[in-house]
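Worksheet for the structure shown next.
The values are calculated or read from the model by the stated rules, or taken from the named source; none is laboratory data. Every value quoted in this text rests on a predicted model; they were computed, and no experiment measured them. Don't worry about glycine lacking a Cβ; one is built from the backbone with ideal geometry, like all the others, and counts go over all protein chains shown.
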């Protein structure tokens, strides 16, 4: 939720022109933001499918937030430590995008750098917001695709095992 402090900070931090330029530049960044939010929905849906396949009485589990669902599938051994870490970071990025007006002010970039898959020798010019956002967007997009694929593979593996059980 936006507070009066947030509004005051925004109005004192930027001139009207800078703010308008930011909103125009934000259209490029909003696409990136939207991709993260939509990917998060897909990933959570996959986690819910996994929980439904693993638990007969799963209704209450589906009411849990993303983080609790993640902890359960990690505890079940569906995801390993590496994937668990990447999901945690991805969820934090999603939360910043969902709850911050200006998420590109360093929070998201710092979170992206916490991905274990983040290239440690990245050489973008510091302060080049658009270049860094596009590069970070590609990294986050790649990781969200990897997470989605990993969870989908896990789900289909469970479905395959279920079919084999029924045919036995």
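Figure legend. Inter-residue proximity from the stretch 23-43: first residues over 16 Å from residue 112 (Cβ atoms), second residues outside any helix (DSSP H, G or I) and modelled with pLDDT of 75 or more, beta-carbon distance below 9 Å, spacing 6+ or different chains. Indicated pairs: 26/102.
Of the residues examined, residue 68 is not one that is loosely packed, with under 15 Cβ neighbours inside 10 Å and either in a loop (DSSP other than H, G, I, E, B) or touching a helix residue (DSSP H, G or I) at 6+ places or on another chain (Cβ under 7 Å) (or both).
Filtered by the rule that a residue be surrounded by 17 or more Cβ atoms within 10 Å (Cβ to Cβ) and within 13 Å of the chain's Cα centre (by Cα), the stretch 40-65 gives 40, 43, 44. Of the residues in the stretch 78-96, none is farther than 17 Å from residue 147 by Cα and either at pLDDT below 75 or assigned to a loop (DSSP other than H, G, I, E, B) (or both). Of all the criteria given as (1) assigned to a helix (DSSP H, G or I); (2) at pLDDT 80 or above, the one not satisfied by residue 155 is (2).
Exactly one of (1) within 20 Å of residue 158 (Cβ to Cβ); (2) surrounded by 14 or more Cβ atoms within 10 Å (Cβ to Cβ) is unmet by residue 113. Its number? Of (1) within 20 Å of residue 158 (Cβ to Cβ); (2) surrounded by 14 or more Cβ atoms within 10 Å (Cβ to Cβ), only one is false for residue 113: (1). Of the residues examined, residue 73 is not one that is touching a helix residue (DSSP H, G or I) at 6+ places or on another chain (Cβ under 7 Å), assigned to a loop (DSSP other than H, G, I, E, B), modelled with pLDDT of 65 or more and closer than 21 Å to residue 152 by Cα.
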